[in-house]
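In what follows, a structure is listed as structure tokens, so that the remarks can point back to it.
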Amino acid sequence: MMNKTIATLLLLKMMIFPGCTNPAKENSPKGKAIVVKDATGITVALDKPAERIVCLYEPALDALYMLHAENRIAGIFNDVYTSEELYPYYSKLDDRIRKKQLSTPGSNGSANIEGITMLNPDLVIVQSAHEDLAQALRSVGIPVYTTKVEQYAEVFQTVQDLAVLTGTQKRGNELVSYAKDEYTMMENRADTITSRKKAYFSWAYGRIFSTTGRNSMMHFCLEAAGVENVCKFDLDQPNINAETLIGWNPDMIIMWNDSPNEFYKKKELGEVSAIKNKQIYNLLPMFFYNPHTLKSLNTAISIHNWAYPNKEVDIKDKITQITLQLYGEKGKKLIPLI
């Protein structure tokens, strides 16, 4: 349905404005006060900071709340209301979400174009993978910022770009400076570890053989934590088999929102060190550990603490401190959920 709608919008655009056949160039920076390039290299130019934002991608939505730009949000993706991994947390940050008052014209992978245009947005944020949606919106004159957050630098770039687009550069600089300082301290600490634990990471929903390669944000978190990623593949999320995991023989396993029983029930994995020694850990609640946001700090710190326990470190207290730094005053409402 979305593809048909997009095609119709593009056809109408070409009929009404036959000379405008390259949507990527329609948002001209000439004379604009605010100019950034998005993840696909397309220029996003605004006369003033965006005041009505439709955000259809969770890491970007999270960044808007960290930037204290939530009053500029006019529409969100529908998973915020339906997901138990999102609603309990965003409802603490925004009373409009608690009351389900913000419009939901789409999700990460699809959107109601008419619903978006009816919100009269001056900026729409989508994942870079959905360029067809971005192109359709640009074709009817709506500025679109596409984002990609699979690497360390991309996470920071997204925060900085959204800060510029929302006029919150001071807050953006504070967030980036804080996160980079924290990571520098972690990396310095990791450099002192002479014998690193070998770690295996598994993604959610029973995908225990779907792991994180070296071209990923989770790999960065593992390195910052001072552990060795047993996966040597230069991919984001490679799939492996039981024999490969047995060969890697990790000392610890980090899971994303799954029960350790997913490993324990597989008898063929019984001799893997992490399983035999019950060194399986879970990043829960997921909201606080999203590696594609600045909350990757929580992920790295938790993994380090699991790998190298220190009785003098209260990991929950540290995650509380990070949460308050990232969200500010409203972050206090999140603390009971950690």
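The values are calculated or read from the model by the stated rules, or taken from the named source; none is laboratory data. None of these values were measured; they are calculated from a predicted model. Glycine also receives a Cβ, built like all others from the backbone with ideal geometry; neighbour counts cover every protein chain displayed.
Just wondering, is there one or more residues in segment 228-248 that are in contact with a Leu (Cβ under 9 Å, 6 or more places away or on another chain), more than 27 Å from residue 158 (Cβ to Cβ) and aromatic (Phe, Trp, Tyr)? Within segment 228-248 (the criterion being in contact with a Leu (Cβ under 9 Å, 6 or more places away or on another chain), more than 27 Å from residue 158 (Cβ to Cβ) and aromatic (Phe, Trp, Tyr)), the answer is no, since none of the residues qualifies.
Among the residues of segment 214-238, those that are closer than 20 Å to residue 281 by Cα and more than 17 Å from the chain's Cα centre (by Cα) comprise 223, 224, 225, 226, 227, 228, 229, 230, 231.
Of the residues 32, 37, which is under 21 Å from residue 160 (Cα atoms), in the same structural domain as residue 160 (by TED's automatic domain parsing) and modelled with pLDDT under 95?
On inspection, the qualifying residue turns out to be 32.
Can you find a residue that is buried (at least 20 other Cβ atoms within 10 Å of the Cβ) and of a type in the set (S, T, N, Q) anywhere in segment 239-256? No, because not a single residue in segment 239-256 is buried (at least 20 other Cβ atoms within 10 Å of the Cβ) and of a type in the set (S, T, N, Q). Beta carbons closer than 7 Å, at least 6 apart along the sequence or on distinct chains, pair a first residue in segment 183-206 that is more than 20 Å from residue 249 (Cα to Cα) and of a type outside the set (Ser, Thr, Tyr) with a second that is modelled with pLDDT under 95 and crowded, with 17+ Cβ neighbours inside 10 Å for 204/256; 204/258.
Selection of segment 71-104 for residues being aromatic (Phe, Trp, Tyr), assigned to a helix (DSSP H, G or I) and without any contact (Cβ under 8 Å) to a residue 60 or more places away in the chain yields 81, 87, 90.
Taken together, the criteria exclude residue 178 from residues that are within 28 Å of residue 65 (Cα to Cα) and in the same structural domain as residue 325 (by TED's automatic domain parsing). Taken together, the residues in segment 263-285 that are farther than 22 Å from residue 225 by Cβ and buried (at least 17 other Cβ atoms within 10 Å of the Cβ) amount to 1.
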